[in-house]
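Report on one structure; see the data block that follows.
What follows is calculated from the coordinates using simple rules that are stated; it is not laboratory data. Just so it is clear, the model here is predicted, and its values are computed rather than measured. Using ideal geometry, Cβ is built from the backbone for each residue, glycine included, and neighbour counts are taken over all protein chains shown.
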């Protein structure tokens, strides 16, 4: 028996490799994407509810919004806040979309929902202009 045959490699001297049966590492979702998705959904539902509320108010009492400056300002600020949240959701979705080594599902959904809401609001404002 020679010296080379009697020397067995120790765990410290073998290269560190993962076992062949180990499943591949699952990528986590991007946090920007999750935030984008949640913000886009909340703002979309909030803006939709506000538009529905305005439609009901105009149907029931058409003159209510004509002389109530406080309600006009409140609804205007709520609308601008919702649009601002949609733009933040769009920016977060784009930021999540470009991150590497992350799942991009929620980022893409956030971009799609916020873009669709902003597009529909733009179309509604253009069509309502007299």
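Being within 30 Å of residue 27 (Cβ to Cβ), without any contact (Cβ under 8 Å) to a residue 12 or more places away in the chain, assigned to a helix (DSSP H, G or I) and within 14 Å of the chain's Cα centre (by Cα) is a description that applies to residue 45.
Contact annotation: residue pairs with Cβ atoms under 9 Å, 6 or more positions apart or on different chains, pairing a residue in the range 101-126 that is touching a residue at least 12 places away in the same chain (Cβ under 8 Å) and at negative phi with a partner that is exposed (fewer than 14 other Cβ atoms within 10 Å of the Cβ) and not in a helix (DSSP H, G or I), are 102/27; 102/28; 103/26; 103/27; 103/28; 104/98; 107/98. Filtered by the rule that a residue be closer than 12 Å to residue 48 by Cβ and more than 16 Å from the chain's Cα centre (by Cα), the range 107-123 gives 120, 121.
Yes or no, residue by residue, for (1) surrounded by fewer than 21 Cβ atoms within 10 Å (Cβ to Cβ); (2) out of contact with any helix residue (DSSP H, G or I) (no Cβ under 9 Å at 6 or more places or on another chain):
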position	(1), (2)
75	yes, no
80	yes, yes
84	yes, no
89	no, no
93	no, no
100	yes, yes
105	yes, no
114	no, no
